[in-house]
1. Any idea how many residues of the stretch 109-141 are of a type in the set (G, A, S), in a helix (DSSP H, G or I) and farther than 22 Å from E54 by Cβ?
2. Quick one: which of K109, K82 is within 22 Å of K38 (Cα to Cα) and of a type in the set (K, R)?
3. Using the structure shown, decide if E65 is among the charged types (D, E, K, R), part of a helix (DSSP H, G or I), surrounded by 12 or more Cβ atoms within 10 Å (Cβ to Cβ) and free of Cβ contacts under 8 Å to residues at least 60 places away in the same chain.
4. Kindly establish whether A102 is closer than 30 Å to A120 by Cα, modelled with pLDDT of 85 or more and surrounded by 17 or more Cβ atoms within 10 Å (Cβ to Cβ).
5. Regarding the stretch 136-143, can at least one residue be identified that is closer than 16 Å to M43 by Cα, surrounded by 10 or more Cβ atoms within 10 Å (Cβ to Cβ) and of a type in the set (D, E, K, R)?
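The values are calculated or read from the model by the stated rules, or taken from the named source; none is laboratory data. Because the structure is a prediction, the values reported are computed rather than measured. Cβ sites come from the backbone with ideal geometry, for glycine too, and all protein chains shown count toward neighbours.
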Amino acid sequence: MKRLMLVVTLFSILAGPAATRAQEPSNPDVPDKADVMKFLDLMHTKAQMVQALEGMEKQMRIGAEQSFRQQVPDATPDQLAKVDQLLDGIFQPLPIDEMVDAIVPIYQKHLTKTDLVAIAAFYSSPAGQKILREQPAIMAEAMQVGGEIGRRTFAAKSKQMDEKIAALIKETKSGQHSKPN
């Protein structure tokens, strides 16, 4: 859930201002919305967003189950199914089309029509088509590896925090016993 909030917050911070000031191209080399949308279609942007969200959802499910198992080591299959159900549809209400529309001004700000033509030429080539075909698998594998590293790191930091809190509680309790009433 924290990851979802982070993604939504990050997207809002990055795309929100750009979306509110939709750029009208005044420079002839600034791509218009149609140019950018054609490029985003070539890049399979919507499908990649959907796949990224599915990957995040999968990692969240794994993380939620691991977290639940840490707190309830003898969890039953029914309990684990309920944890899994908590995440059902968590990414479904995200408006992919609105997200794509929101990034158009960002592309207009950073790329020219000339840039888009050159980049599109590469992605239309055999090598460009290969990276477009392989990118989803690359992203899925990278998210799996990154998710595992994140869970390991978070588990270690969480353990350290628990130890520090326990020490602070012990210190507080021992300090309270020595104080006169």
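1. 6
2. Going through K109, K82 in turn, the sole match is K109.
3. Yes; evaluated as a whole, the condition is true for this residue.
4. When the stated conditions are applied, A102 passes them.
5. no
Yes/no matrix, rows are residues, columns are (1) within 30 Å of R61 (Cβ to Cβ); (2) basic (K, R); (3) free of Cβ contacts under 8 Å to residues at least 40 places away in the same chain:
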{"site": "A102", "(1), (2), (3)": "yes, no, no"}
{"site": "Y123", "(1), (2), (3)": "no, no, no"}
{"site": "Q129", "(1), (2), (3)": "no, no, yes"}
{"site": "E141", "(1), (2), (3)": "yes, no, yes"}
